[in-house]
């Protein structure tokens, strides 16, 4: 599977302090893979320090994880802070 912008919602904040809700049927292992959120860097101005509440897995309800983004020149990685 892959990141889809329609699965992401900006809840509020400013770049580097934004909060997002992300719902996907992808497993959390896929969502936390390097580069998964690269497109979000452009579409949502996802920056280092932004937080993503990720609801993932079957029916986008198998797991809830708190992810912290790092953006290095458009290449995004996330750390699972749950």
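The values are calculated or read from the model by the stated rules, or taken from the named source; none is laboratory data. The structure displayed is predicted, hence computed values, not measured ones. Every residue, glycine as well, gets a Cβ built from its backbone with ideal geometry; the counts of neighbours run over all protein chains shown.
Among the listed residues 36, 3, 44, which satisfies the condition of being in contact (Cβ under 8 Å) with a residue 40 or more places away in the chain and under 20 Å from residue 72 (Cα atoms)?
That would be 36, the only listed residue that is in contact (Cβ under 8 Å) with a residue 40 or more places away in the chain and under 20 Å from residue 72 (Cα atoms).
Can you name the residue in segment 44-59 that is modelled with pLDDT of 95 or more and outside any loop (DSSP other than H, G, I, E, B) and is also surrounded by the most Cβ atoms within 10 Å (Cβ to Cβ) among such residues?
Here the residue is 54.
Run down 65, 30 and say which single residue is surrounded by 14 or more Cβ atoms within 10 Å (Cβ to Cβ), in a helix (DSSP H, G or I) and free of Cβ contacts under 8 Å to residues at least 40 places away in the same chain.
Exactly one of 65, 30 is surrounded by 14 or more Cβ atoms within 10 Å (Cβ to Cβ), in a helix (DSSP H, G or I) and free of Cβ contacts under 8 Å to residues at least 40 places away in the same chain, namely 30.
Could you grab me the full set of residues in segment 1-19 that are outside any helix (DSSP H, G or I) and either farther than 19 Å from residue 70 by Cβ or in contact with a helix residue (DSSP H, G or I) (Cβ under 8 Å, 6 or more places away or on another chain) (or both)?
The first filter runs over segment 1-19 and keeps only residues outside any helix (DSSP H, G or I), leaving 1-4, 8-19.
Across segment 1-19, the qualifying residues are 1, 2, 3, 4, 8, 9, 11, 12.
Would you mention how many residues in segment 33-43 are closer than 16 Å to residue 68 by Cβ, part of a helix (DSSP H, G or I) and touching a helix residue (DSSP H, G or I) at 6+ places or on another chain (Cβ under 9 Å)?
Here the count works out to 1.
May I ask you to verify whether residue 50 is within 19 Å of residue 79 (Cβ to Cβ) and over 11 Å from the mean Cα position of the chain (by Cα)?
Answer is no for this residue.
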